[in-house]
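Just below is one structure, and these are the notes that go with it.
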């Protein structure tokens, strides 16, 4: 009678262990993908409560997040990064040419081609795509790289975050001045586009001041302070970074930036008022473009050997290039970058920033009504939001890619070591064999002479 409950107890234990394993799997999945889930939560909160984290909202995100949150990200990065690493990338001219060339030259040209294809196909004439969406797409292509997310994504992927920080600073300084002129040059004309012409360039003074202020206070100043603390208190800084998990805290701050961006997108109301076909077109095109631009960054930063030989023969190794200074020739030479740099190029080259895009639209189209301005800002908001989502999946890919490369290098090194040991063993065996033969010869001769002596006797 006392033994009958045992099978029931065993089944209950099995059920509990199965439930605990399932719970561990769920928790493990949440922990591994908490940033993606956090972005989803930020989207939901931004949709239902846009007045909280939008510009001018309850938490005043234009100060608390765009200055406070981003400033903390770069302050922590300043404490983490080696000054030598930052100095090394300041003079990496090829890195600057590749990232800024893709971000501010190649992407606008590709976007211009896409916009004219849509116009030629009758997308605007039929009302399928609103003209303001196409204008906003031109704006997106001409603005510089984003300030925070590309640095965090680069670090989360195992890439070179020092390179990402340098490109953020250079891109936003150059882009703030170049972007308006690119927009003026690339905007379509005729028909509805004549009604969407921007104001003259003399209205951009406040925008320049705003961008330089944000870049100085939320990027450069925190970075310098973080570097100063690293120089002055290296042990204490290392302990603080480890103890308080500040690297992971940067990812949480990035989630706040995404929340603010989502809230701004939903608060304008333009997403609900614009034709659904225009919004759907822009959403799916943004995803396709971000993947395309990232692929272009990857292939330019890490080109196949065949491509490097062909391009260098016509560019860096040509007769015309031989007359150029060595520094410029080295910058023009096409070659594979280290994998950590490739990751930084991919996240910086394809990304765009609302920090320049939103105030730039407000300044350039200040003579138009608020709804039209919001409609032009929609592609800027959508692209910057979607790039964060897609980039999170790219971090998973780049982690795997970097891990596979390191594993292959270790396997090759261990194989070489084993082959070297085997070769040494063979040589030792040969030496021992030769030694045995040499040592054995006198003994055989001695035995032969002893036999002869016996026979003679």
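For Cα Rg over 2.2 N^0.38 Å, computed directly from the structure shown, the correct entry in (1) 1.39; (2) 1.04; (3) 1.33 is (1). Peptide packing: for 204-217, 289-302, 314-327, the average count of neighbouring Cβ atoms within 10 Å per residue gives the ranking 289-302, 204-217, 314-327, highest mean first. Decide, for region 108-213, between rounded, prolate and oblate: order the square roots of the alpha carbon gyration tensor eigenvalues as a ≥ b ≥ c, take rounded if a/c falls under 1.5, and otherwise choose prolate if a/b is larger than b/c, else oblate. In terms of gyration-tensor shape, oblate. All C-alpha pair distances within region 197-305, sorted into 10 Å bins from zero, spread as 10, 18, 30, 29, 12, 2 percent across the bins. Against the chain, whose longest principal axis is taken from its Cα atoms, helix 131-142 shows a tilt of about 40°.
How long are the three semi-axes of the equivalent ellipsoid of region 248-293, in whole Å, if each is the root of 5 times an eigenvalue of the C-alpha gyration tensor, listed from largest down? Don't skip to the end; give the middle numbers.
Values: eigenvalues 120, 63, 5 Å².
Semi-axes (√(5λ), whole Å): 25, 18, 5.
If you fit an axis through the alpha-carbon atoms of helix 70-80 and take the longest principal axis of the Cα set of the chain, what angle between them do you get, 0 to 90°, nearest 10? Roughly 20 degrees, rounded to the nearest 10. Let me know the shape class of region 73-118, please: from the alpha-carbon gyration tensor, a ≥ b ≥ c as square roots of the eigenvalues, rounded when a/c is under 1.5, otherwise prolate if a/b is greater than b/c, or oblate. Oblate is the answer for region 73-118, as a/c is 1.5 or above yet b/c matches or exceeds a/b. What angle do you read, to the nearest 10 degrees and between 0 and 90, between the alpha-carbon axis of helix 276-301 and the longest principal axis of the chain? Compared with the principal axis, the helix lies near 40 degrees. Going by the alpha-carbon gyration tensor, a ≥ b ≥ c the square roots of its eigenvalues, is region 171-251 rounded (a/c under 1.5) or, if a/c is not under 1.5, prolate (a/b greater than b/c) versus oblate? Prolate is the answer for region 171-251, as a/c is 1.5 or above and a/b outweighs b/c.
Distance between the modelled labels on residue 245 and residue 272, one decimal in nanometres: 3.7 nm (7 Å Cα→Cβ projection). With a simple spin-label model that places each label point 7 Å from the Cα along the Cα-to-Cβ direction, the separation between residue 186 and residue 31 comes to 4.4 nm.
If I take every Cα pair under 8 Å that is 6 or more residues apart in region 49-189, average their sequence separation and divide by the length, what percent do I get for the relative contact order?
On the way: 98 pairs, mean separation 35.3, N = 141.
Relative contact order, region 49-189: 25 percent.
Computed over region 31-148, the alpha-carbon pair-distance distribution with 10 angstrom bins reads 11, 21, 30, 29, 8, 1, each value a whole percent.
Rule-based calculations on the coordinates, nothing more; no lab input. Please read these numbers as outputs of a predicted model, since none were measured by experiment. FYI the Cβ positions are ideal-geometry reconstructions off the backbone, even for glycines, and counts take in every protein chain you see.
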